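One structure is given here, and the rest of the page talks about it.
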Amino acid sequence: MSEYLIELKNISKRFGGVHALDGVSMGIRPGEIHCLAGENGSGKSTIIKVMSGIYTPDEGEILFDGKPVSRLDPITAVHKGVQVIYQDFSLFGNLTVAENLALNTYLLEGRGRMDWPRARRMAREVLTRLDVEIDVDAEVETLPTSGKQIVAIARAILARARLIVMDEPTTALTGHEVDALFAIVRDLQAQGIAVLFVSHKMREMLEISERLTVFRNGKKVAEGAMSDFDEPAITHAMTGLELDDEPYAPDIAPDTPPALEVESLSVPGSVDNVSLSLRPGEIVGVSGLIGSGRTELAQALFGMENATARSFRIAGQDAFPHSVQEAIALGIAYVPEDRLSEGLFLTQSIERNMVVSILDRLRRGLFLDRDAMRQKTEDMFSSMQIAAPSPETAVGNLSGGNAQRVMLGRWLLTGAKVLILNGPTVGVDVGSKAKIHHIIRDLAREEGVAVLMISDDVPELTGNCNRIHVMHDGRFVAEFAGADMTEDAINDSLKALK
């Protein structure tokens, strides 16, 4: 009897002349929580599609319970017990929880009509098995992200899953929701179900996983018990680099005048008398639970909210931005948390995405100065270290880290001196994350940009900020700096708010 539920031996997969996977071997044991890590493009998605039957490998062998499978297709993979939960969950938003959970079972049974009592009973039973309470008659589109994820897990259990693959399952979850998900994952393990946890968040890898496999450039570069790894070791395996983890400590004179100074800023229903000061070269952090008002604060500073303030000064001058255009003119820039829906034109080129905020400056009469536009884009393309064939590449073809650098480049072209970053590295792999942090630090230290960094990632804040505010119910309720600015202290402050 094989020790592995599924084993992949010497798997290779090519697309054209590119080796997406190059002689990769890995195995997952029954009831094991196994983490698969790697940067974007390392081969994680390809190996998932191989083990779920979507891709047929060019070379290699796939075994279930020690027995080789001659050809694995999606239907065979499902019958073998493989279920993949992608980031979009693949649920029907306009159907109820019960309908989503019963649908696959009914299709497999060849039923043409819904047996409502049975569907609700099935849904309640599987949710009870997960020890969660969700209204089985609620439409899925009305559920929070964590609720949708639970429905997707429940659906996998109803399909008699033996291995559940979770692709970046915590990207859109709060800290409390991550804890709840981990409890469910451990419960799945207790039921003998294996979980392949695909993530680039190292703290989560270390907390939830028993074993780790790391891919880089289509090859397996590390594997072993999670107890044999720490954050630097995982980072080195993923990137091949020794990344700088020194905290940000700018040399700013105490009497340096603020680049941005706001007193008693309020937004009805979300921000309540917040006062904030940012000096050139500072990176000031803001953390808080979902609903704390942090995003509304960022949007108010950028002229997107109906805000009031006792005073609002930019470089010592009274100036209150009542619109985005006024904020840009005052030298304020804002990078939103959801860059895909709020920040980027995915079908357009890197060049067009970068210059869209400075088109008025590039006009020569009725026409754009194409040479100036091209030069500015190429300079920023280089300084942002964007990995793409050229500035003509469509932004939708970029990785998350490169797309975020396009956003940063766009606003730096405006000459902004106050940069507001909301979730600057959400959905970004370790290597790109480190490069983005390096860029932000250089902007603050070398260019004198004042940065407001809003993030759920406490290590990101403590590693890059010289001061951190904790926000709750629209107010700043704690501030950390110097020796007091530790991960434990901030996490304790956040836990006290739950």
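Read-outs throughout are calculated quantities, based only on the coordinates presented, and are distinct from any laboratory measurement. Computed from a prediction, not measured in an experiment: that's the story for all the values here. Quick reminder, even Gly has a Cβ in these numbers, built from the backbone with ideal geometry, and neighbours come from all protein chains shown.
D for the range 279-334, whole µm²/s, Stokes-Einstein with Kirkwood Rh over alpha-carbon pairs at 4 °C and 1.567 mPa s: what number?
In µm²/s, the coefficient rounds to 106.
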Which three extents, in angstrom, do the Cα atoms of the chain have along their principal axes, listed largest first?
73, 51, 51
Give me the one-decimal nm value for the distance between modelled label points at K67 and R310, 7 Å along each residue's Cα-to-Cβ direction.
7.6 nm
Tilt relative to the chain, helix 400-412 - C-alpha long axis, 0 to 90 degrees, to 10:
10 degrees
Give the calculated FRET efficiency between T128 and L346 to the nearest 0.05, with a Förster radius of 35 Å applied to their Cβ-Cβ distance.
0.25
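Excluding L158 itself, calculate the net charge of residues whose Cβ lies under 11 Å from the Cβ of L158, where each Lys or Arg counts +1 and each Asp or Glu counts -1.
Neighbourhood net charge equals +2.
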Roughly how far apart, in whole Å, are the Cα centres of the range 379-438 and the range 150-202?
30 Å
So what's the angle, to the nearest 10 degrees on a 0 to 90 scale, between helix 175-190 and the longest Cα principal axis of the chain?
10 degrees
Taking the Kirkwood radius as the inverse of the mean 1/r across Cα pairs, report the Rg/Rh of the range 6-239.
0.98
Helix 116-129: angle to the longest alpha-carbon principal axis of the chain, degrees 0 to 90, nearest 10?
70 degrees
Cβ-based exposure ranking for V477, V165, V126, in which fewest neighbours within 10 Å come first:
V477, V126, V165
In Å, the Kirkwood hydrodynamic radius from C-alpha pairs for the range 296-391 sits at 15.5 Å
P(r) weight above 18 Å for the range 108-256, C-alpha pairs, percent:
67 percent
Can you compute the equivalent ellipsoid semi-axes for the range 260-495, i.e. the square root of 5 times each eigenvalue of the Cα gyration tensor, sorted largest first and rounded to whole Å?
30, 21, 15
Gained length - D115 relative to E139, 0.36 nm times residue gap less alpha-carbon distance
6.9 nm
How big is the Kirkwood radius of the range 235-296, worked out from every pair of different alpha carbons and given in Å to one decimal?
15.0 Å
In this structure, among K201/K433; K376/K417; K9/K44; K67/K219; K13/K201, pairs with alpha-carbon gaps over 22 Å are K67/K219; K13/K201
Taking 2.2 N^0.38 Å as the expected size of a compact globular protein, what ratio does the Cα radius of gyration of the range 386-498 give against it, to two decimals?
1.18
Per-pair calculated FRET efficiency, R0 = 45 Å: N397 and D251 via Cβ, rounded to 0.05:
0.65
